[in-house]
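Novice: The structure that follows is given in the form of structure tokens.
The values are calculated or read from the model by the stated rules, or taken from the named source; none is laboratory data. All figures in this text were calculated on a predicted structure; none of them were measured in a lab. Because the Cβ atoms are built from the backbone with ideal geometry, glycine has one as well, and the counts that use them run over all protein chains shown.
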Amino acid sequence: MSSKKRKYGPLSKMVQSMMNCKEATYLISRQLDDKLPLSVKAALASHLMMCPRCRRFKKQTKIIYSLLLQFQKKTFQGVPIVTLTPDQKDRMVKNLRNNIDPGKTF
């Protein structure tokens, strides 16, 4: 029985040679949405052990991703729900009152 290795295009090339930061940041971003093959995960982990900049990028990317997920949940029928501070509400009401013509109907 012959076993066929699954090909991952440019990903398999990254694993064969030492990964650079550009490739690592690509994989860090991709890893948020897709499952990476074990060999690619290992190569990325190896790079991250040696590269503080990519570790920082991964940490920042995770924070941004989690914030986006939280923001995404604060929607109604796909439209973000905006919460105004009391000061913002007061300014908006004052602005509306100052600019509404009492004789004009909507």
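Novice: Return the residues of segment 32-44 that are surrounded by 11 or more Cβ atoms within 10 Å (Cβ to Cβ) and not basic (Lys, Arg); say none if nothing qualifies.
Specialist: Matches in segment 32-44: Leu32, Leu36, Pro37, Ser39, Val40, Ala42, Ala43, Leu44.
Novice: Okay, next question. Among the residues of segment 83-106, which ones are modelled with pLDDT under 70 and among the hydroxyl-bearing types (Ser, Thr, Tyr)?
Specialist: Listed by number, the list holds a single entry, Thr105.
Novice: On to the next question. When the residues of segment 57-82 are narrowed to those that are modelled with pLDDT of 75 or more and either more than 30 Å from Lys22 (Cα to Cα) or among the β-branched types (Val, Ile, Thr) (or both), which ends up surrounded by the most Cβ atoms within 10 Å (Cβ to Cβ)?
Specialist: Thr61
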